[in-house]
Structures are given as C-alpha cells and as structure tokens.
Amino acid sequence: MPELRTWLTGLGLVESPRWHDGRLYFSDWTAHEVIALDLDGKHEVEVPGAAWR
C-alpha cells in the first residue's frame, strides 16, 4: 500500500478537483482561490481570491 501524505493544510471548503497536464486543480471556496498542486507537492494559486470578487 502506498504511503499516505498530506500535501496541504489550512484550506477551507475544497471541491471540484480536476487533473490536467500532471497537476491537480481544485477550488478553495473559503479563500475564493483556484489552486494547482503537482506530484512533487509544489502548489501555486492559479486564480487569486481578488479575481473572484
């Protein structure tokens, strides 16, 4: 069985995961952000909260 890892903490309401080009994209509705996470655990905010408001 593969080792279980936690890649990110401190997120709010996370939903709508999508896999695209080797990265997992998902929304954090609490922060109003879209985040991308790669297989190395690196993440970046693709759409910042201010863009949604």
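The values are calculated or read from the model by the stated rules, or taken from the named source; none is laboratory data. These figures come from a predicted structure and were not determined experimentally. Neighbour counts are summed over all protein chains in view; Cβ atoms, including those assigned to glycine, are modelled from backbone coordinates with ideal geometry. Keep in mind that these areas ignore ligands, DNA and RNA; they rest on the heavy atoms of the full protein, side chains included. Shrake-Rupley method; radii C 1.70, N 1.55, O 1.52, S 1.80 Å.
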Checklist entry - In nm, to one decimal, how far is the modelled label at residue 15 from the one at residue 45, with both set 7 Å along Cα→Cβ? => result 2.1 nm
Checklist entry - Per residue, how many Å² of accessible area does the chain show with a 1.4 Å probe? => result 80 Å²
Checklist entry - Out of the range 1-30, which trypsin sites (Lys or Arg not before Pro) are coil in DSSP terms and have no more than 14 other C-beta atoms within 10 Å? => result 5
Checklist entry - When the chain is treated as a GNM, springs tying every alpha-carbon pair under 10 Å, which of 32, 20, 43 comes out with the largest mean-square fluctuation? => result 20
Checklist entry - Just in the chain: which chymotrypsin sites (Phe, Trp or Tyr not before Pro) are loop by DSSP and have at most 14 other Cβ atoms within 10 Å? => result 7, 29
Checklist entry - If you take the Cα Rg of the chain and divide it by 2.2 N^0.38 Å, with N the number of residues, what do you get? => result 1.17
